[in-house]
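Working notes, structure below.
Throughout, read-outs are computed from the coordinates displayed, never taken from laboratory work. Keep in mind the model is a prediction, meaning the values are calculated, not measured. So basically every Cβ, Gly included, is an ideal-geometry build from the backbone, and we count neighbours across all protein chains shown.
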Amino acid sequence: MKFDYHVIVIGAGGAGISTASGCAMFGAKTAMIEKGAIGGECLKSGCVPSKALINGAHIIKAIHSAGAYGISAELHGVDFLKLLDHGKSAIDAIAARESKEKFTGMGIDVIDGEGVFTDRHTVRIGSRSITGKYIVIAAGSRPMVPPIPGLQNTPYLTNETIFDLKRLPAHLVILGGGPVGLEFGQTFRYLGADVTIIDLLPRLFPKDDPEVAAVLEKKFRSEGVRLLLSSRILEVAKAGEEISVAIENMGSRQEIKGDALLVALGRAPGLEGLGIENAQVTLDTHGYVRTGEDMRTNIRHIFACGDVTGQFQFSHMAGYQAGIVVRNIISPIGAKADYSFVPWVTFTKPEVAHVGYTEQIARSMGIFRESVVVDMELSDRAVLEFQKEGFIKFVLGKRNRLLGVTIVGDRASEMIGLASLALIRKMSGTAFYPMIMPYPTDAELYRSASKVLLKNALKPWIKKLVRRFLVG
């Protein structure tokens, strides 16, 4: 059968761009379909604008903290709209590097419109239909808005619409204590708003080691963020200018009132209108596209990557999965995804970064042997910058092999890459001790953790042997 294209990619977010670019680079005739702007959720309403806003909030925090250095500084005000405009400017600057012209110049046919499967090899865009030997679903995700009583009749924000605010809320109520809720919660607190975060679970960061929640919950509460954990959302209502959220906490009903509501309760696959049933592609119980390790769906020539698979919904993972797809399309050797060493970061202050297995998971797998935790206050850099909150934790298996690393600190996002390399290379927890780390840097904590392990490994007989050697 003759096809119009070797590869059709549905979606031009991080996963779609990487897939289309990779296939085109190897000479495949490629089409990329996008109903919105090129760049996807991360560029338009995720990583880029949120981190721009977070950075501004951290500058405000630094001004308020200047007195600790003997610096007399005063904040005369925050132009909230200008701060949001900075994020939009960043989007425009980055979008200029990912323009339609760039991809057409690579030989990719960029098609504006909504792609709809009509069968396993055919996608319709408006009145036009195209066929592809391979089709890649990279349709992304959207904010999940659950059927909470009263929510549909109440104005609410998501990560996509919060940047459209025209003023700083006096009291922002956030439903959900995951990464989105925590990042925005702390940011808006630094900007001057009262903030309440409501979550069903008993602690923050449930997927991380418990030491993380202990540090961050204390930090948030000390900064004036109200955390209502173990709380079930009953209903939402609007009365005048106020929004009311009724919850059940500790067996009693409470009402929290604010003037803005952010729904941060997770993500849902962006498959609406895609006609996925016409391609007979199997979905999982949450509605995401089910794939194997090779990123193939149950239909062998149809792949999926990025958020739409529901696995590790990070921009860096979208690019990683896209690479697996490209290799399986253009090479007979093929490739499989390995999720053993996926790094992630929550951009709170301090940041939380992790890669590999947590202690709980390692224990459940029967591969845990020991762990070591070194507090951030042992970093001279952290001490001199008044950023002593946090730690580095090694999770170790047989023969001291490193299984996972968690870092809590102001530069954790920049530190975690070294741990990723160590895990991939199957290094031991003591491998950092011979390394010469620049001073003063937080990265010295890697060496400190290795030193603790070496010290713990010293047996009395070793010390006796050394003393004999020195005497002799």
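Dipole magnitude of region 344-457 about its Cα centre, charges +1 at Lys/Arg Cβ and -1 at Asp/Glu Cβ only, in debye to the nearest 20?
About 720 debye.
Once you list every other residue whose beta carbon is under 9 Å from the beta carbon of Phe117, what net charge do they have if Lys and Arg are +1 and Asp and Glu are -1?
0
Please name which of Ile38, Phe391, Leu453 has its Cα lying farthest along the dipole of the chain towards the positive end, using unit charges on Cβ (Lys, Arg +1; Asp, Glu -1) and the Cα centre as origin.
Towards the positive end, the residue furthest out is Leu453.
In whole Hz, with x marking every Gly and Pro, tabulate ³J(HN,Hα) for region 64-72 from phi via Karplus 6.51 cos²θ - 1.76 cosθ + 1.60, θ = phi - 60°.
In residue order, the calculated couplings are 5, 9, 4, x, 5, 9, x, 9, 8 Hz.
How do Ser72, Ser371 rank when sorted from fewest to most other Cβ atoms within 10 Å of their own Cβ?
Ser72, Ser371
Which GluC sites (Glu not before Pro) does region 30-82 hold that lie in a coil by DSSP with at most 13 other beta carbons within 10 Å?
Glu74
Read through the labelled values (i) 28.8, 99; (ii) 25.0, 91; (iii) 22.5, 66 and report the label of the one computed as Rg and Dmax of the Cα atoms in Å from the structure.
(ii)
Checking a compactness column here: for region 323-373, what do you get for Rg(Cα) / (2.2 N^0.38 Å), N being the number of residues?
Against the compact-globule rule of thumb, the ratio is 1.66.
Met250 to Lys455: FRET efficiency via 1/(1 + (r/R0)^6), r the Cβ-Cβ distance, R0 41 Å, to the nearest 0.05?
Efficiency computed from Cβ-Cβ geometry: 0.40.
Assign unit charges at the C-beta atoms only (+1 for Lys and Arg, -1 for Asp and Glu), then state the dipole size of region 243-302 relative to its Cα centre in Debye, rounded to the nearest 20.
I would put it at about 60 debye.
Determine the dipole magnitude for the chain: charges of +1 sit on the beta-carbon of Lys and Arg, -1 on that of Asp and Glu, nothing else is charged, the reference point is the Cα centre, and the result goes in debye to the nearest 20.
2180 debye
Using only the Cα atoms of region 151-265, what semi-axes does the equivalent ellipsoid have when each is the square root of 5 times a gyration tensor eigenvalue? Give whole Å, largest first.
Taking √(5λ) for each Cα gyration eigenvalue gives 22, 17, 12 Å.
Near Gly266, within a Cβ-to-Cβ distance under 14 Å, what is the net charge of the other residues, with Lys and Arg +1 and Asp and Glu -1?
-1
To make sure I understand, if each residue's beta carbon is the centre and we count other beta carbons within 10 Å, what order do Cys47, Cys23, Cys42 fall in, fewest to most?
Cys47, Cys42, Cys23
Between Val145 and Arg467, take the C-beta separation as r, use R0 = 60 Å, and let me know the FRET efficiency to the nearest 0.05.
My answer for the efficiency is 0.30.
Which ordering of Trp461, Trp344 is given by a fewest-first count of other beta-carbon atoms within 10 Å?
Listed from fewest to most nearby Cβ atoms, that is Trp461, Trp344.
Filter the trypsin sites (Lys or Arg not before Pro) in region 251-338 to those in DSSP coil with at most 13 other Cβ atoms within 10 Å of their Cβ, and list the result.
Within region 251-338, the qualifying trypsin sites (Lys or Arg not before Pro) (loop, at most 13 other Cβ atoms within 10 Å) are Arg300, Lys336.
How many lysine pairs does region 403-472 hold where the Cα atoms are under 21 Å apart and the two sit 8 or more places apart or on different chains?
Final tally of qualifying lysine pairs is 6.
Amide H of Val9 versus every other amide H placed in the peptide plane: which residues, excluding those fewer than 5 positions away on the same chain, fall under 5 Å?
Those qualifying (amide H under 5 Å, at least 5 residues apart or on another chain) are Ala31, Met32, Ile33, Val136.
So how much slack lies between Asp85 and Glu414, counting 0.36 nm per residue of separation and subtracting their Cα-Cα distance, in nm?
The span from Asp85 to Glu414 would gain 115.8 nm if fully extended.
Please list, ordered by chain and number, the residues whose modelled amide H lies under 5 Å from the amide H of Ala304; skip anything fewer than 5 residues away on the same chain.
Excluding prolines and chain starts, which carry no amide H, the hits are Ile137, Thr297.
Can you give the helix-only mean residue ellipticity at 222 nm for the chain, where every DSSP H stretch with n ≥ 4 adds -39500 (n - 2.57) and the sum goes over all residues, rounded to the nearest 500 deg cm²/dmol?
When only DSSP H runs of four or more count, the value is -10000 deg cm²/dmol.
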